[in-house]
Every structure is written in structure tokens, then in C-alpha cells.
Amino acid sequence: MNEPVRLAPGDEAPDFTLTTDTGDTLALKELRGKRVVLYAYPAAMTPGCTTQACDFRDSLASLQAAGYEVVGISPDKPAKLAQFRERDALTFPLVSDPDRSVLTAYGAYGEKQMYGKTVTGVIRSTFVIDEQGRVDRALYNVKATGHVAKLRRDLGID
């Protein structure tokens, strides 16, 4: 398998229009003028992804106060994302990428190590996109636990 694309600071963030957990659509270009934290996670309602989503939920006020919108992306269907949002009182949009085309465009889908084996799947990643739609940060293989706190420190957000 080919190495997945890796985005770098200054790259144009791949645009997308995807279905959300509410059944609406969200287009990245609709968020122009705002800074966006787009985070890719493997599967709704799994332990690590729940920890990460709840960390973003608990940090949302400070991120928004600093001008950031948070969007989560996974291959899960919108109905499962709605269950995830309800179960964990998530307060930011979750978008569904069932064919993994957007995840692939961001380099967040491909070969990864899991329990000592090489598998193909979603690579837990976070992208900070600036107001012009360019990548400010592209963080790959992030940890589910502690990542949001580190991201806030890196962005200078209390």
C-alpha cells in the first residue's frame, strides 16, 4: 500500500461537504473566516474516541473563546454519530465520511500499527485550519488521552 498523503503547514485544507450527526451537511468552506480544529477518530463510542471527544467537549468553551470551531470526523454513519452525541452530550458537529475519501485526502486513513500488527484504518489525527482554509498544524498518530490539553498548550489557550 502507498504511504498516505501527509499534509503540512501552509497546504490548502482539502474541502469537503459531509453529513453531520444531525443529518444536515457541513462544508469546510462554510467555516472560512474561522479557525477550525478538525479531528479524525476511528470509531464513535469506543473508549479512546469517547475520551478524546469528551476532552474536546470539556475544552470547547476555551477553544471557541480563542476563535476555534471543533469538528470531529469518522467513517461512522450519521445515526451512530447522533447516538454518540446524545450519549456523551457532545456540543460540536460530528461528520460522517463513510467512504473515507476525506480522511484519505487528509492523510488520516491508511496503514497504522495496532497491537503490534499493521492494519489499515483511521489514523487518529488533528488538523488546525486557519481562517483562509490553510493547514496551520497537521498532527498524526495523536494519543486519545491528553491530546486536547497538549493542543491547547501548543495553541496558547488556557
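Quick note: the coordinates plus some simple rules give every number you see, no bench work behind them. This structure is a prediction, so every number in the text was calculated from the model and none was measured. Methodologically, a virtual Cβ is constructed for each residue, glycine included, from the backbone with ideal geometry; neighbour enumeration extends over all protein chains shown.
How large are Rg and Dmax for the chain when calculated on the C-alpha trace, in angstrom?
Gyration radius and largest Cα-Cα distance of the chain: 14.4, 42 Å.
Below 13 Å, Cα to Cα, which aspartates and glutamates can K80 reach? Residues fewer than 8 away in the same chain don't count.
Candidates past the 8-residue exclusion: D21, D88, D97.
Would you work out the relative contact order for the range 1-113, in percent, from Cα pairs under 8 angstrom that are 6 or more residues apart?
Reported relative contact order: 36 percent.
Indicate, rounded to the nearest 5 percent, the antiparallel portion of the DSSP beta bridges found entirely in the chain.
Bridges in the chain are about 70 percent antiparallel.
I'd like the GluC sites (Glu not before Pro) in the range 74-138 restricted to DSSP loop residues with at most 13 other Cβ atoms within 10 Å, sorted by number.
Counting only loop positions with at most 13 other Cβ atoms within 10 Å, the GluC sites (Glu not before Pro) in the range 74-138 are E131.
Once the piece of chain linking S101 and Y115 is laid out straight, how much longer is it, given 0.36 nm per residue of separation minus the C-alpha distance between them?
So the extension gain works out to 2.5 nm.
With Cβ to Cβ distances under 13 Å as the rule, what net charge do the other residues near Q52 carry (K, R +1; D, E -1)?
Net charge in that neighbourhood comes out at +1.
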